[in-house]
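Remarks on the structure that follows.
The values are calculated or read from the model by the stated rules, or taken from the named source; none is laboratory data. The structure displayed is predicted, hence computed values, not measured ones. For neighbour counting, all protein chains shown are included, and Cβ atoms are generated from backbone atoms with ideal geometry for every residue, glycine included.
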Amino acid sequence: MIPAGLTRIIGLFESLPDAEKRESLISYAASASKHAPRDGEAFDLEDVRKDEECTDTVGVFLKVRDDGGCAFRITLGPQVQTLTKAMTAILCKGLDGCTPEEILNVPADFVPRIVGADLVRLRSQTVYYILTRMKGVVRVWSNRRRTA
């Protein structure tokens, strides 16, 4: 149920000692801005808002390609936490090309395998936030397509 791209990232994190895991999360967080929308890109669905469980506005942009695979772009406000930024980059990379159905079927239980159980306990809402938003956008897109 976990797509191959995400499985590779999980495998990398599981192979790292805790200190290197934290460094890798920081590195992924630093690369989150690479997943922002680019000039001229068109999307099938855009969802930009500030939720209670997040420190700033987050925009989730979905493009469903002709082959049925999804691509996400994400905008993150300046107050978004490092862990949310890291999960953004991980999920954009790990879910790239997956079908809407594959994304909706991704279980959230992989998250502790990436961030570690301690961070999940400390930041439980943060680590699941982006996955929840991505699934929500895909669900809305799928429902609209079904009714069209």
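Can you find a residue that is polar (S, T, N, Q) and at pLDDT 95 or above anywhere in the stretch 72-86? Yes, there is a match, as at least one residue in the stretch 72-86 is polar (S, T, N, Q) and at pLDDT 95 or above.
This table checks each residue for (1) surrounded by 15 or more Cβ atoms within 10 Å (Cβ to Cβ); (2) under 16 Å from PHE110 (Cα atoms).
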residue	(1), (2)
ILE2	yes, yes
THR7	no, yes
GLU20	no, no
LEU25	yes, yes
ALA32	yes, no
PRO37	yes, no
ALA42	no, no
VAL48	no, no
GLU52	no, no
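Return yes when PRO17 is in contact with a strand residue (DSSP E or B) (Cβ under 9 Å, 6 or more places away or on another chain) and at negative phi and no when it is not. So PRO17 fails the test. Against the test of being touching a His at 6+ places or on another chain (Cβ under 7 Å) and basic (Lys, Arg), the options ARG8, ARG49, ARG73 yield a single qualifying residue, ARG73. Taken together, the criteria exclude GLY59 from residues that are modelled with pLDDT of 95 or more and either surrounded by fewer than 16 Cβ atoms within 10 Å (Cβ to Cβ) or aromatic (Phe, Trp, Tyr) (or both).
Just wondering, is there one or more residues in the stretch 14-30 that are outside any helix (DSSP H, G or I) and under 14 Å from the mean Cα position of the chain (by Cα)? So that I can check it myself, show each step before the final result.
Step one: list which residues in the stretch 14-30 are outside any helix (DSSP H, G or I), which gives 15-17.
The next check asks that each one be under 14 Å from the mean Cα position of the chain (by Cα); those that pass are none.
No - not one qualifying residue is present in the stretch 14-30.
Out of the residues in the stretch 51-69 meeting the condition of being charged (D, E, K, R) and in contact with a helix residue (DSSP H, G or I) (Cβ under 8 Å, 6 or more places away or on another chain), tell me which one is nearest to ARG145 (Cα to Cα). This residue is ASP51. Would you say ASP47 is at pLDDT 95 or above and in contact with a strand residue (DSSP E or B) (Cβ under 6 Å, 6 or more places away or on another chain)? It is true that ASP47 is at pLDDT 95 or above and in contact with a strand residue (DSSP E or B) (Cβ under 6 Å, 6 or more places away or on another chain). The strands (runs of 3 or more DSSP E) found wholly in the stretch 41-112 and carrying at least 1 residues that are touching a residue at least 40 places away in the same chain (Cβ under 8 Å) and farther than 15 Å from VAL137 by Cα occupy 70-76.
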